[in-house]
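In what follows, a single structure is set out as structure tokens and then discussed.
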Amino acid sequence: MPIDFYSKLVNASGVYTFRDFVLLPGRSDIEPSKVDISTNLTKSVRLNLPLVSSPMDTVTEAEMAIALARQGGIGVIHRNMPIEEQVENAKRVKRAESFIIRDVVTITPSDRVSDAMELMQKKSISGLPVVGTDERLTGILTRRDVNFANPNESIIDVMTKEVVCAGPEVTIEEAKRLMHKQKIEKLPVIDQNKKLLGLITIKDVYSRERFPFAARDTQGRLLVGAAISPHDVDRAKALEKYVDVLVSDVAHFHNVNVLSSSKKLVKEIATDFIAGNIGTIEATKDTIDALDGRVDGIRAGVGSGSICVTSEVTKAGAPTLFAVSQIAVALQEAKMSLPIIADGGIRAAGDGALALAAGASAVMMGNVFAGCTESPGGLIKIGGKYYKPYRGMGSSGSRQRRFAMDRYNQPAKGIAEGVEGVVPYRGDVQTVVEEFSGGLRASFGYAGAISIRDLWVKAKFGAITAAGIDELRPHSIILPGEEKI
Ligand code: IMP
């Protein structure tokens, strides 16, 4: 058969990006404040907010993941670091708050005060249950007990022996009442044999009240994800106990080596697995086939990232909005329901709304979150304005750290697929999320949708021209700061 060069070009299907569409206003009786933007990140992980922070070394480490989970979303810890460091980041998120802390740091009655002080400092904690060799609780040691004690004294001589405790069935309200009444800040949880089961702290009780929409696991700990390479089983196995989801972090998942490594990987792990990135119907089908259905979500989009030069260098790309719709169609054909995470190119809430309308369940953002207080890296002042560093994981700066080099197939050492620069400082995650979710809710209001699922049904897209893009934004007005005559 001769190759049909003509049709290749002339019958090429259109690819579309966020800037090509608007959401048509629909008949609506929806108040934005009533819109439910909770969602599924995977088959089993539920979020109260459809926002995910990218696994990038200028975006997501523990601080970002904690702040975003408190708002109801989730952070995916990047992998451009040694395995132990990534595990430690995940543990920090899990330790940040929980109703009952299960892996309690304890001390024995025969230890010295100096040991306790060292432990408190190292782990940044202010109280230690004292547990004997029989695992039974014998006392509690707080900062007040050690503050004026001789460092050589034994714990047994300075600890508080009368400990107020709770049983395993204690509720959050009972714990709070008890702690108020007894004027204590730590409440050990024990069984009938006085065996220590966990610890409740007043800080965690308050934190639950402060962040009622936080995304939490069944033990009340914040949700967190971690990025992995499908080739790196060791990393996945080290992380899986401490994270709620493992997220594939390769630029081109539709690669036979990546698919076969992923097939082996999912057999080794029990945690939910998000595959990606992909952006075509064929890639979706091959992913489902290769993983025998053992996939819990799909990361959609190739080449749209704001720091991405993949498409510029290689001309390969599946823009995020297009990728979402391709995957949604393929899943529908396969009669499968899997959350799609739209990843890359999202600049504002409206882009997020378009991605959700096209079939996504959540949106992943690097640029937007890189500008927040909680991203790694300090503020940079340029010309009186503040910025934060942001770089692609395929940029030469990121690649120097080497751990995430295999995100890209590097045929030659010199080809970078990402750029590095700065983004405007936007304030803390809470402020950014409030603004973003307000925008999303307003979009849902215009579309007449009460939830993400409802948006999938009701949203109607309008294709827009370059002239339209120009008209649908402020024009014919000089804005403050632009008054150059
Ligand atoms: P942004 O929100 O538009 O900045 O896009 C962030 C997304 O870009 C990430 O979640 C990754 O999928 C992708 N990405 C990260 N680093 C690179 C890179 O160096 N080149 C291409 N894409 C990247």
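Taking a straight line from the alpha carbon of Lys43, these aspartates and glutamates sit under 12 Å away, with near neighbours fewer than eight places off in the same chain left out: Asp244, Asp272, Asp296. The alpha carbons of segment 302-379 occupy a box of 47, 29, 20 Å along the principal axes, longest dimension given first. Please compute the Cα-Cα pair-distance distribution of the chain with 20 Å bins starting at 0, giving whole percents from short to long. Reading the bins upward from 0: 21, 49, 25, 5, 0. In terms of the mean number of neighbouring beta-carbon atoms within 10 Å, the peptides 155-167, 215-227 order highest first as 215-227, 155-167. Here segment 1-70 yields Rg over Rh of 1.20, to two decimals, using C-alpha coordinates and the Kirkwood radius. Entry for segment 61-167 at q = 0.11, 0.22, 0.24, 0.25 Å⁻¹: log10 I(q)/I(0) = -0.47, -1.08, -1.20, -1.27, Debye formula applied to identical alpha-carbon scatterers, no solvent contribution. With both residues required to sit in segment 328-485, DSSP beta bridges show an antiparallel share near 65%. Based on the Kirkwood radius over alpha-carbon pairs, what value in µm²/s does the Stokes-Einstein equation return for the translational diffusion coefficient of segment 208-275 at 20 °C and 1.002 mPa s? Translational D for this selection: 165 µm²/s.
Near the amide H of Gly198, under 5 Å away, which other amide H atoms are found, from residues 5 or more places off or on another chain, if H is placed in the peptide plane? When sequence neighbours closer than 5 places are left aside, the close amide H contacts are Val189. Normalising by residue count, segment 113-210 has a Cα convex hull of 105 Å³ per residue. Residues whose amide H comes within less than 5 Å of that of Gly75, counting only those at least five positions distant or on another chain, are Ser53, Ala69, Gly225 (H built at 1.01 Å from N in the peptide plane). Shown in residue order for segment 317-334 are the 3J(HN,Hα) couplings computed by the Karplus curve 6.51 cos²θ - 1.76 cosθ + 1.60 at θ = phi - 60°: x, 9, x, 3, 5, 4, 4, 4, 5, 4, 5, 4, 5, 4, 5, 4, 4, 7 Hz (x for Gly and Pro). Shown in residue order for segment 219-233 are the 3J(HN,Hα) couplings computed by the Karplus curve 6.51 cos²θ - 1.76 cosθ + 1.60 at θ = phi - 60°: 8, x, 7, 5, 6, 8, x, 9, 7, 9, 8, x, 7, 9, 5 Hz (x for Gly and Pro). Our coupling estimate for segment 300-314, obtained by passing each phi through the Karplus curve with A = 6.51, B = -1.76, C = 1.60 and θ = phi - 60°, is 10, x, 10, x, 8, x, 5, 9, 8, 10, 3, 5, 5, 6, 9 Hz, Gly and Pro reported as x. Fewest-first ordering of Met393, Met120 by other beta carbons within 10 Å of each residue's beta carbon gives Met120, Met393. Only one residue of Gly301, Met159, Leu259 has its Cα farthest out toward the positive end of the dipole of the chain, where Lys and Arg carry +1 and Asp and Glu -1 on Cβ, and that residue is Met159. Simple rule: put +1 on each Lys or Arg Cβ and -1 on each Asp or Glu Cβ in segment 113-210, find the dipole, and look at Thr171, Gln121, Pro188; the Cα lying farthest toward the positive end is Thr171. Qualifying trypsin sites (Lys or Arg not before Pro) in segment 63-109, where qualification requires a DSSP coil assignment and no more than 12 other C-beta atoms within 10 Å, comprise Arg102.
Within the shell defined by Cβ-Cβ distances under 10 Å, the residues around Asp134 carry a net charge of +2, with Lys and Arg each +1 and Asp and Glu each -1. Computed about the Cα centre, the dipole magnitude for the chain is approximately 260 debye when only Lys and Arg (+1) and Asp and Glu (-1) carry charge, each at its Cβ. Separation of segment 38-88 and segment 145-202 by C-alpha centroid, Å? Spelled out, the Cα-based centre of one part sits 32 Å from the other.
Projecting label points 7 angstrom from Cα along Cα→Cβ for Glu483 and Tyr206 puts them 4.5 nm apart. Listed peptides 171-180, 470-479, 282-291 appear in the order 282-291, 171-180, 470-479 once ranked by packing, highest mean of other Cβ atoms within 10 Å at the front. Pairs exceeding 32 Å between alpha-carbon atoms, taken from Lys263/Lys460; Lys335/Lys458; Lys388/Lys458; Lys91/Lys267; Lys123/Lys195; Lys176/Lys267: Lys263/Lys460; Lys388/Lys458; Lys176/Lys267. Think of the chain as having a plus end and a minus end, set by charges on the Cβ of Lys, Arg, Asp and Glu; of Met81, Tyr390, Phe213, Phe213 sits farthest toward the positive end of this dipole.
Set the Förster radius R0 to 25 Å, insert the Cβ-Cβ distance between Asp103 and Phe148 as r into 1/(1 + (r/R0)^6), and round the FRET efficiency to 0.05. Between Asp103 and Phe148 the formula returns 0.25. In the chain, helices alone account for a calculated mean residue ellipticity at 222 nm of -9500 deg cm²/dmol, with every DSSP H run of four or more residues adding -39,500 (n - 2.57). With each label modelled as a point 7 angstrom along the Cα→C-beta vector, the Leu119-Ser311 pair spans 5.5 nm. If the chain linking Thr160 and Lys181 were pulled fully straight, counting 0.36 nm for each residue of separation and taking away their Cα-Cα distance, it would gain 5.8 nm.
Every number here is computed from the coordinates shown, using simple stated rules; none is lab data. This one's a predicted model, so the numbers in the text were calculated from it and none came from an experiment. Don't worry about glycine lacking a Cβ; one is built from the backbone with ideal geometry, like all the others, and counts go over all protein chains shown.
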